[in-house]
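Notes to accompany the following structure.
The values are calculated or read from the model by the stated rules, or taken from the named source; none is laboratory data. All figures in this text were calculated on a predicted structure; none of them were measured in a lab. Note: ideal-geometry Cβ built from the backbone for every residue, glycine included; neighbour counts use all protein chains shown.
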Amino acid sequence: MKLICLTFALVLFVIAAGRRPMNRGGFVSSRPGSRPSSPRSIPSEAIRSMASATIGPLRERLLIQENVPDPISVTSLTRSSTTATAVTATPHTYATGDYVTVGGATPTGYNGKVKITVTGASSFTYPVNGTLATPATGTITVTYFSNAQGQRVVGWQDFATIWGEQLAVRAYEKLQVQALQGQLDYRFRVFARGDLTKEMRAIWTPQWPPASPQHTLEIHGIVPDGDGRQYMFLECGEIV
């Protein structure tokens, strides 16, 4: 009986001696009596760094620019015989022979797309009907339309910065698109928005490889991705 009790006590001693504290993760601690260790966490600085490195797959930065002239306020619009003289609130930078659009004037015969003769930094004239009341009234503006040859010569202005995912363009797709709408060199998936038009352009510097040259892209097509509620495609051709 004594032998049995001694044997049982020895077994309990061996079991107790072989035990090790467990940490919260269910793993054996490295030494007896050590405090439970907390799970290892990623420093918040590292998380912020990884988050700013890319925006999911939309990692290509596209600077969208527009070539739309701003309207200029007209402070005076008068008529002498069949010639209207407009004075603008700020210098207009127009040239003789340019076409501009006059709007907001009463009588409405002063309004419309007209060919102008520049008489000063803030003034110009254009032909009108000789029976219009003078001076014209209303909130009158003038907006550049084109030069004498019908070409728009306006400086490009930044419109928005968006992020896109560059997608591969297959050779047969290039041929199909070129037959319909023009050159297709690049395609980007971007978040859907309703304020982009094909009259705009995109400035793109690829994220990879480093020190890649900047590309100036014409936007030839804006195509919905699926139902178009979340994403859309920009189909672009490079301006050489």
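Tabulated values for the structure
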{"read-out": "Meets criteria (of a type in the set (Lys, Arg) and either over 25 Å from the mean Cα position of the chain (by Cα) or at pLDDT 95 or above (or both)) for Arg152", "value": "no"}
{"read-out": "Candidate set from region 120-149 (those that are exposed (fewer than 13 other Cβ atoms within 10 Å of the Cβ) and small (Gly, Ala, Ser)); member that is modelled with the lowest pLDDT", "value": "Ala148"}
{"read-out": "Region 188-221, residues that are part of a loop (DSSP other than H, G, I, E, B), among the charged types (D, E, K, R) and in contact (Cβ under 8 Å) with a residue 40 or more places away in the chain", "value": "Glu199"}
{"read-out": "Subset of region 125-159 (residues that are in contact with a Leu (Cβ under 8 Å, 6 or more places away or on another chain) and under 28 Å from Leu184 (Cα atoms))", "value": "Asp158"}
{"read-out": "Any hit, region 161-170, residues being at pLDDT below 95 and touching a Gly at 6+ places or on another chain (Cβ under 9 Å)", "value": "no"}
{"read-out": "Subset of region 68-104 that is in contact with a Pro (Cβ under 7 Å, 6 or more places away or on another chain) and assigned to a strand (DSSP E or B) - its residue that is surrounded by the most Cβ atoms within 10 Å (Cβ to Cβ)", "value": "Leu77"}
